[in-house]
1. Ordered by packing density, taken as the mean number of other Cβ atoms within 10 Å over each peptide's residues, highest first, how do 188-196, 58-66, 45-53 rank?
2. Quick check: net charge around Ala188, other residues with Cβ under 13 Å of its Cβ, Lys/Arg +1 and Asp/Glu -1?
3. Please report the net charge: other residues with Cβ closer than 13 Å to the Cβ of Arg351, K and R +1, D and E -1.
4. Once the other residues with Cβ under 12 Å from the Cβ of Ala120 are scored (Lys, Arg +1; Asp, Glu -1), what is the net sum?
5. Provide the gained length on full extension for the span Ile232 to Asn28, in nm with one decimal, where the gain is 0.36 nm per separating residue minus the Cα-Cα distance.
6. Pairs to check: Lys357/Lys383; Lys20/Lys40; Lys167/Lys381; Lys167/Lys286. Give those whose C-alpha atoms are more than 19 Å from each other in this structure.
7. Taking all pairs of different Cα atoms in segment 342-424, averaging 1/r and flipping that mean, what Kirkwood radius in angstroms comes out?
8. So if we plug the beta-carbon distance of Asp56 and Phe295 into 1/(1 + (r/R0)^6) with R0 = 25 Å, what FRET efficiency do we get, rounded to 0.05?
Amino acid sequence: MSAINIALLGMGTVGTGVVKILANNAHNIEQKVGAPVVIKKILVRNPGKVRNAPTDAKIVTDIDEILNDPDIKIVAEVMGGEMPSKDYMLAALKAGKHVVTANKDVVAKYGRELFEAAEANHTDFLFEASVGGGIPIIRPLKQCLAANQITEIMGIVNGTTNYMLTKMTNEKMDYADVLAEAQAKGYAESDPTADVGGFDAARKIAILASIAFGARITLDDVNVEGITNIAIEDIEYARELGFNIKLLAIAKQDDCGINVRVHPAFLPTSHPLASVNDVFNAIFVKGDAVGETMFYGRGAGELPTASAVTADIIDVARDIRHNVSSRILCTCFDHKHIYPVSKTESPYYIRLLVEDKPGVLAAIAGAFGAQQVSLHSVIQKRKVERSTELVLITYRVSDENIRLAMNTLLGMSVVSKVGNVIRVEAEQIS
Ligand SMILES: NC(=O)c1ccc[n+]([C@@H]2O[C@H](COP(=O)([O-])OP(=O)(O)OC[C@H]3O[C@@H](n4cnc5c(N)ncnc54)[C@H](OP(=O)(O)O)[C@@H]3O)[C@@H](O)[C@H]2O)c1
């Protein structure tokens, strides 16, 4: 069988990994596909740069050299960024080439357009590496769990913030120090907003929720809160109370519709996601037939991410061999109601600084009671100058009611400061 020729768009971290895997595992891959898979051309920005893996592929800087080459059947986009990556992928699909990408930004924003182009041109469009790096999650949702109604996805899908929260928990480092260390180690960008602000996780959960619930969910549908307000005190109180703080990406489908959000949460230490540490990612999925499943591994890095990109290339190559391309494309069949975070319910952790004088507790309990917020526990933690720090855990309550109660509290003269308000991701507090 003659070789299946492919092109890479980009030879940075992930592209280099793809070059290495296709070279190191060439024999295995040829057996699985039934033909050799050969990289014919690689598009880069700077052709003079020294690359970290040897390759016989022609290095090019003009996308037309790839688009106009009829021998190239598969284009793997590992350049990153929205533009020109999206335009190049669209042009490749229109030229009848199959496309594989690791690019969550483009999939989350332009997925529909790319799927439509793939469908119109009978080509494959696969994007396993766009969420969870090396962890299989797109294919499991689209194929292995296809028989299920998925009711919930809950994931730790951003390695940078998980590394930071793990360090804060294990080494009692504060937020600013741990961010500086993550930047020095290359885990966090010099502008860390996409990670610490929760936006990277939001793009990923929008992609996962769209597949899981069969409806298009965009970044605008995701309620996003990051970890920038998490203080070392919150981490320590969480530990004392039997929780770990994690940045969770959550998508739930129930009788009210779909709710999708990213926020830090108190997670009981007994929950399988609570022990996912450092840069590791994990995604917990509940289906009506399968029950609970969890996917765990490295969410980024050269070889883990390239493992997922190369698996997509192998899948497409098999489809080409058997002339069955375009089998599994867009699965967003329905329009579904997406309900706002204000209608979601959970128990809450609240940290307050209040005046140290009689009657304060009763006034605070009254403010909560007026918004139907029942308190499970109130713990007086320590003195901070002339104030007392209180930690409160509520029973299950709506986000709307907790916000109303907090607004009242902020206007009370006995409340000097609201330290933090964090959801507890548990059905109920025991
Ligand atoms: N790195 C990870 O661990 C990871 C994990 C999951 C997903 N991803 C995704 O994988 C993709 C690639 O990430 P990466 O870390 O490998 O990126 P990277 O190291 O920055 O590499 C980007 C590559 O694309 C080339 N490139 C960029 N813009 C170009 C343009 N306009 N024209 C031609 N070539 C261009 C660069 O060329 P030069 O080499 O000449 O500069 C470089 O080879 C991104 O979508 C990212 O979100 C990465």
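The values are calculated or read from the model by the stated rules, or taken from the named source; none is laboratory data. A quick note: this is a predicted structure, and the numbers were derived from the prediction, not measured. FYI the Cβ positions are ideal-geometry reconstructions off the backbone, even for glycines, and counts take in every protein chain you see. In case anyone asks, the SASA skips ligands and DNA or RNA and just uses the protein heavy atoms, side chains included. Shrake-Rupley method; radii C 1.70, N 1.55, O 1.52, S 1.80 Å.
1. Values: 188-196: 16.3, 58-66: 14.7, 45-53: 10.4.
Going by the mean number of other Cβ atoms within 10 Å, highest first, we get 188-196, 58-66, 45-53.
2. Values: positive: Lys167, Lys185; negative: Asp177, Glu181, Glu189, Asp191, Asp195, Asp200.
Once all neighbours under 13 Å are counted, the net charge is -4.
3. Values: positive: Lys381, Arg382, Lys417; negative: Glu233, Asp234, Glu236, Glu240, Glu389.
The answer is -2.
4. Details: positive: Lys94; negative: Glu113, Glu116, Glu119.
Spelling it out: positives minus negatives among the neighbours equals -2.
5. On the way: separation 204, 0.36 × 204 = 73.44 nm, distance 4.88 nm.
The span from Ile232 to Asn28 would gain 68.6 nm if fully extended.
6. Working: Lys357/Lys383 12 Å; Lys20/Lys40 14 Å; Lys167/Lys381 23 Å; Lys167/Lys286 29 Å.
Too far apart for the 19 Å limit: Lys167/Lys381; Lys167/Lys286.
7. Values: mean 1/r = 0.0794 Å⁻¹.
Its Kirkwood hydrodynamic radius stands at 12.6 Å.
8. Values: r = 35 Å, r/R0 = 1.41.
So, using R0 = 25 Å, E works out to roughly 0.10.
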